[in-house]
Amino acid sequence: MPATTLVCPHCEKTVEIQVSSVTRSRPCPECGQVVMLQMAEKTTKTKRRALLMQQNEPPAAAPASQTRVEPAYEPQPLPGDAFERMRMDPEIKQFRKRLMIGSGAVGLIVLVLVVWSLMPSASAPQKAKNAGGGAGQEKLSAGNEKEKPVQPAMPMLTPDEALPPVNSGNLVFRPTGSSNLKTAAQLPAASVSNENLAKLAAAQDVLTKFLEAPTWKQRVIMVRDKLRVAPLMSIYYSKNADGPIAFDSIVEAAEISPKFSEHVVVFEGGGRRLATVEHTSSGPLVDWESFVGAGDMAWSDFLEQKRAAPALFRVLVSPAGHYENSFGNPAVLNCYSLRNISEPGAKVVYGYARKDSQLAKGLDYRLQQSADATVPMTLMLKFPVDAPVDFQVWIHQFVRYGWVTP
C-alpha cells in the first residue's frame, strides 16, 4: 500500500499516511484526528482541505530485517448526514438554481398573459363610461360650472311592456281538441264601414256557393255576363272536369273598387287562386273568366292549330331569354314567358315583341313595377305564318293589366 505525505489540517504537521484507491479518510499518526483525503466539507468560513503531496514509493528490495510493519487502519465512515452532504454538492446547487430561475420565468409569462387578456374587458367599460360622461353631462346654468350627468336611457322594450296585438291573417291552425285545420279570418280594418263589411260578406257567401255548385250549369247563374260566358263555360267544361271545386277556405277579402272585391281561395292541396266578385244591383256575381284564366279559345287548341289570327288570352307573364328560329335575334326582340292556368299541365310558351316598340316598353314597365315574379296580363297572341314550333308566338297587343274585364 503506497504512503502519501501530506499536511494534517488539525495539527498542521507533515505526516505519512497509507492510502489506497478506495480510502476516504485516515487518522493522523501524530494527533489521531481523522483526515479527509478525497472530499472536503465547508464547515466554517475558513476552508480546510487535505493537501495531497507526492507519494513516496516503497523501496524495491528492502532487507527483511529493515521492513517496517505499518499498523493496519480500517476505513472510517464519513461524518455528518448523507442528505446534507448531497445538498452541498456544487452540481446539485447549480441545477437547483437553474430550476428556480426557469420556474420564475414561466410564472412571470403566465402572469403577463392573464393581465393582457383582462385588459380589453376592463378598458371597454371605462371607455363607455368616459364617452357617456362626456356626452351625457350638461351645465346646470350659465353661472354654475358644475355638470350633471344625464340619466341613462331606458331600454326600448322592457319585460313588463305590453306588446301590440298581432292581427290574424292567412294563418292555418288546428283548434284544441280537433284534428282539422282551420284558417284564421282577416280582421276587418277600422276604416271599413258596416255597409262595406256586409258587401264583402255577401260576396264571400256567393263565392262559396259558386265553388260548391255540382255542375257548371248551376254555377253559371252566379257569374257575371252570363249570356256571353255560358258558351265559353260549355266549351271549357267539355275539355275539363266538371263538378264542385274542392277548396279549404276563403281568406283576404278586399274591396278594390266600389264595383269589385277580391278574395283569395285556398285549395285543399295548398294552392291559391284569386277570385273577383262584381257587386251589382241584383247581387254579387263571380267573374268566372278571371278565376279560370279563360281566353277566346282553349289554350291547347290555340297551340295545336298554330293560329295566325290574334286571339285574347289571360296569361302570367315573366321575363325570359329563349331565342331561336325566326325569333333568334336578342338585339331586336324581347322575350317573355307566357303561362296559362286554364288547363292543368298546360304548355308554357314564349312570346316576343320588338325591343324598340311601345308594346315592349309597356310590358317591361309593368314587370318592373310589380313585386311578383309573374304578372297577370290580358294579351292578344298569334303565331307567325308557317310557325315551325308550337311554343313561340308574337305578342300582338297588350289589352289590360290583370284578368278582369271592366
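The values are calculated or read from the model by the stated rules, or taken from the named source; none is laboratory data. A quick note: this is a predicted structure, and the numbers were derived from the prediction, not measured. In this analysis, Cβ positions are derived from the backbone assuming ideal geometry, glycine residues included, and neighbour counts consider all displayed protein chains.
Would you pick out the residues in segment 207-219 that are in a helix (DSSP H, G or I), within 54 Å of the chain's Cα centre (by Cα) and surrounded by fewer than 18 Cβ atoms within 10 Å (Cβ to Cβ)?
THR208, LYS209, GLU212
Can you name the number of the only condition in (1) outside any loop (DSSP other than H, G, I, E, B); (2) crowded, with 17+ Cβ neighbours inside 10 Å that ALA230 fails?
Evaluating ALA230 over (1) outside any loop (DSSP other than H, G, I, E, B); (2) crowded, with 17+ Cβ neighbours inside 10 Å leaves (2) as the failure.
Report yes if VAL277 is within 13 Å of THR405 (Cα to Cα), out of contact with any Cys (no Cβ under 6 Å at 6 or more places or on another chain) and either at pLDDT 90 or above or in a strand (DSSP E or B) (or both), otherwise no.
Here the answer is yes, as VAL277 does meet what is asked.
How many residues are modelled with pLDDT of 50 or more and part of a strand (DSSP E or B) if we restrict to segment 1-55?
16
Failed condition for ASN334, given (1) part of a loop (DSSP other than H, G, I, E, B); (2) touching a Lys or Arg at 6+ places or on another chain (Cβ under 8 Å), with all others met?
(1)
For segment 226-240, which residues satisfy the criterion of being among the small types (Gly, Ala, Ser) and farther than 16 Å from TRP299 by Cβ?
ALA230, SER234, listed by residue number.
Matching residues to (1) closer than 14 Å to TRP216 by Cα; (2) touching a helix residue (DSSP H, G or I) at 6+ places or on another chain (Cβ under 8 Å); (3) assigned by TED's automatic domain parsing to the domain that holds TRP216:
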{"position": "LEU232", "(1), (2), (3)": "yes, yes, yes"}
{"position": "ILE235", "(1), (2), (3)": "yes, no, yes"}
{"position": "GLY243", "(1), (2), (3)": "yes, no, yes"}
{"position": "ASP248", "(1), (2), (3)": "no, no, yes"}
{"position": "ILE256", "(1), (2), (3)": "no, no, yes"}
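Quick one: in segment 303-323, which of the residues that are free of Cβ contacts under 8 Å to residues at least 24 places away in the same chain and surrounded by fewer than 16 Cβ atoms within 10 Å (Cβ to Cβ) is farthest from SER238 (Cα to Cα)?
Selected residue: GLY321.
Of all residues in segment 340-369, which are in a strand (DSSP E or B) and crowded, with 16+ Cβ neighbours inside 10 Å?
Passing the criteria: VAL349, TYR350, GLY351, TYR352, ALA353.
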